[in-house]
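The next block holds one structure in the form of structure tokens; read it before the comments.
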Amino acid sequence: TLLLVVIYKIGDLLGLQYRTIGTIFGCLLLFFTTLFIYLIAKKIKDRQLGMLAVFLICTNPVIYLYASYYYTSLLAMLFVSMLIYLAIKALEEKNIRLYFIIGVASYLGMQFRSTVGIATIAIIIVVFLKEKKIASKFISIVLGAFSAYFLWALFLLNWGLPLDSDQAFPVTHWLMMGLSGEGKWTGDLWNLTNSVPTKHEKVLLNIEEIRN
């Protein structure tokens, strides 16, 4: 929400409608995600594989649907691809500072989409399997995450917006969504959670739906 406020204010200053600036922002997120995927493929093999990855992304029609609006999954894709690239680079260069950056990026990414944490867990597992001196790497990741936490808390304290917890969808909504049908978003489930006014009622309703 706070990020969108900033983006829309920038659009307003530029004389752009919120849909236009939202689409531009979405396209930028996809561009940088594609860039990181190219760099990952290049690191894994060579430039040709990187170009093939870019070609497959650019010819995927779903990408153009994503570009038409902003959604948190766009940010998640950017953070996940960035984390994978940083992890490959850190393992290759044995650079402890990169693990600190991984911690920072992990925490910030999880503020927009908790699924970014899955990539962080995978990275930690790979580090445990591939590195011998793992303590310093793990500490660097933790220190990076804590640094990002304090900076984020300071930012919200000074410039954050008051959020109504009753308006937000609880974690139980996403659990319900993942456990139902094909495990994807549906209008019916969204309407179900949105049909009750408070967070407590939403949680109870989601749990009841999961049990059914």
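The values are calculated or read from the model by the stated rules, or taken from the named source; none is laboratory data. Computed from a prediction, not measured in an experiment: that's the story for all the values here. As a convention, Cβ positions derive from the backbone with ideal geometry for all residues, glycine included, and neighbour counts pool all protein chains shown. All accessible areas refer to the heavy atoms of the entire protein, side chains included, with ligands and DNA or RNA removed. Shrake-Rupley method; radii C 1.70, N 1.55, O 1.52, S 1.80 Å.
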(request) Please indicate, with yes or no, whether at least one residue in segment 96-111 is of a type in the set (Lys, Arg), closer than 21 Å to residue 152 by Cα and assigned to a helix (DSSP H, G or I). (result) yes
(message) Just to be sure before I move on: is residue 22 at pLDDT below 90, part of a helix (DSSP H, G or I), of a type in the set (Gly, Ala, Ser) and under 14 Å from residue 63 (Cα atoms) in the structure I sent?
(response) no
(request) Name the residue, out of 76, 53, that is small (Gly, Ala, Ser) and either in contact (Cβ under 8 Å) with a residue 40 or more places away in the chain or not in a helix (DSSP H, G or I) (or both). (result) 76
(request) Considering (1) surrounded by 13 or more Cβ atoms within 10 Å (Cβ to Cβ); (2) under 23 Å from residue 122 (Cβ atoms), say which one residue 45 fails and leave the rest. (result) (1)
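I'd like to verify a number: residues in segment 90-100 that are among the charged types (D, E, K, R) and open to solvent by less than 90 Å² (accessible area, probe 1.4 Å), how many?
Total meeting the criteria: 1.
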(message) Report every pair of residues separated by at least 6 positions or lying on different chains whose Cβ atoms are under 8 Å apart, first residue within segment 101-130 and surrounded by fewer than 13 Cβ atoms within 10 Å (Cβ to Cβ), second among the β-branched types (Val, Ile, Thr) and not in a helix (DSSP H, G or I).
(response) 128/134
(request) Identify the single condition in (1) surrounded by 15 or more Cβ atoms within 10 Å (Cβ to Cβ); (2) in contact with a Phe, Trp or Tyr (Cβ under 6 Å, 6 or more places away or on another chain) that residue 134 does not satisfy, given that it satisfies every other one. (result) (1)
(request) Keeping to segment 169-212, report how many residues are among the polar types (S, T, N, Q) and outside any loop (DSSP other than H, G, I, E, B). (result) 5
(request) Being among the charged types (D, E, K, R), part of a helix (DSSP H, G or I) and either closer than 24 Å to residue 175 by Cα or touching a Ser or Thr at 6+ places or on another chain (Cβ under 9 Å) (or both) is the filter here, so list the residues in segment 112-137 that pass it. (result) none
